[in-house]
Amino acid sequence: MEQPRPRVRLQQTCAARPEVVYDVLSDLRTHLEWGGAKQSSVFRLKALTAPSGPATVGTAFSSSGTIPMSGRHWEDRSTVTVAIRPSVFEFATEARARDARREMAAQYVHRYEIAPDGAGSRVTYTLTEERVADPMLRFAIPGMREMSWRMAAFTLARGFRNLLTLAAARSAAEGKRDAVAGVRTQYRKEA
């Protein structure tokens, strides 16, 4: 019998409209901020190479970073597989984690589903491990594997909150610009 694929699912509301959340996600350069600079130093993006502008289906990018409780670093190649503004952003990742003796290879799918929720949005992030070869010891031993995935959920949750905080800040900044533009427009109409 095949074991179920490991999966982490996180859901949270955000003050930003779905379009703003989606735009932050599809601007791959922002991943270095919310998944890198603002993430825990033990599990974070360190580098990302991606085209500028909004990512669309087929957009490829690469990244590297650190792994908690390990001397390994990961290197990824990812491709956007679903890009439906403002509701779904998904990418598939071919990941490699190396040390001096061996290399773990895995494939993951990262899916963000964004729905309106009042004046903001409800965002659901799902990370699914599609396959893994030569897993690190903590992912190879039953029991430890489940515990490691629970710990991964905790670490991923910080990056997820960072993403939503960035989207909310951008939304607030847009609101201020809109309010200023409205005041200017009203002023011009009255003049």
24 Å tail of the calculated P(r), the stretch 1-126, as % of Cα pairs: 31 percent
Positive minus negative residues near PHE91 (Lys, Arg vs Asp, Glu; Cβ under 15 Å): -3
Computed E for ARG131/SER64 - FRET, C-beta separation, R0 35 angstrom, nearest 0.05: 0.95
Within the stretch 19-36: backbone nitrogen closer than 18 Å to the HIS73 label point (7 Å, Cα to C-beta): 32-33, 35-36
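Bear in mind that the values in this text are calculations on the coordinates, not laboratory data. Note that the coordinates shown come from a computational prediction; the quantities given were computed from them, not determined experimentally. Ideal geometry is used to build each Cβ from the backbone, glycine not excepted, and the neighbour counts take in all protein chains shown.
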